[in-house]
Amino acid sequence: MCWCFLHLLVKLFHLAIQSIHKLQCYFILIGYTFNHVPLGLSKLQSVAIVVDSEEAFQISKVVTLIRWLSKFGVKHISLYDVDGVMKESKKFLVKNWSDLSIREWKEVDKKFASRDQKSVELEWLSFSDGKEAIVKAARYISSSYSKPVELDAHQSKLVILEADVDKALKAVGSTGPEPDILLLFGPARCHLGFPTWRLRYTEIIHMGTLRSSSFSALLKVMYDFSKKHQNYGK
């Protein structure tokens, strides 16, 4: 009985948190609709969408996310899932994105139609891309630093700094824009293997399932991001 009661309390607590979150999303959405909530997103340039492979087949939802993000002026979007499902659907995504750019807004988006849709650069990634990048960078470092640094007559050691790794990744063409925000869709609360060298200052936000994604939830993320101040150490 005690265990069931404790379980009920936890469920009620999570339900209360979800209700408060939905109310916040609703009020921010109302303020945004009537221009009472300005968003200062000039520093937002790149966003990563990380989707669980089982949910990555919902291409229409991914297209909708791209369209919403383009409204906020995002210039670059990285689409990532472990198995490369979205990469395999690249042609379909591009076709539907171009169609949606000239098609009439759907009913759910008509009240936001006054906000111009902007062009956006898409990038497709999977776990194999990050693995391949590490292998190429290791080979580059091995060939570039074939001679170890001599410490004394009896000992030698290969010294590799973070700058050397960055240089190697750039040399093999495995770098790209560092996302300002990483939107994670799925049950797991981790980046699922997204290239970690591109996540040094990224805000990682768990969005729940892709099926339950909404414009109001995304708007709250943008609102919270516009209010944050990041301090970069030397």
Residues whose built amide H sits under 5 Å from the amide H of Gly84, excluding neighbours closer than 5 in sequence, are Phe127
With a Förster distance of 25 angstrom and the Cβ-Cβ distance between Ser128 and Phe57, calculated FRET efficiency to the nearest 0.05 equals 0.85
A convex hull over the alpha carbons of segment 9-95 yields, per residue, a volume in Å³ of 140
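Quick check on my link table: of Lys43/Lys228; Lys43/Lys131; Lys167/Lys228, which ones sit more than 22 Å apart, alpha carbon to alpha carbon?
As for pairs spanning more than 22 Å Cα to Cα, those are Lys43/Lys131; Lys167/Lys228.
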Checking rank on 217-226, 203-212, with mean other Cβ inside 10 Å and highest first, the result is 217-226, 203-212
So the FRET efficiency between Ala138 and Ile204, C-beta based with R0 = 25 Å and rounded to 0.05, is 0.45
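Classify segment 40-79 from the C-alpha gyration tensor, please: rounded if a/c falls under 1.5, else prolate or oblate depending on whether a/b exceeds b/c.
prolate
Under 10 Å from the Cβ of Lys61, count the other residues' Cβ atoms, weight Lys and Arg +1, Asp and Glu -1, and hand me the total.
Values: positive: Arg211; negative: Glu55.
It works out to a net charge of 0.
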Cα gyration tensor of segment 158-230 diagonalised, 5x eigenvalues square-rooted, in angstrom largest first, produces semi-axes 30, 15, 10
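The numbers here are math on the coordinates, done by the rules we state, and not lab data. Not measured: the values here are computed from a predicted model. Glycine also receives a Cβ, built like all others from the backbone with ideal geometry; neighbour counts cover every protein chain displayed.
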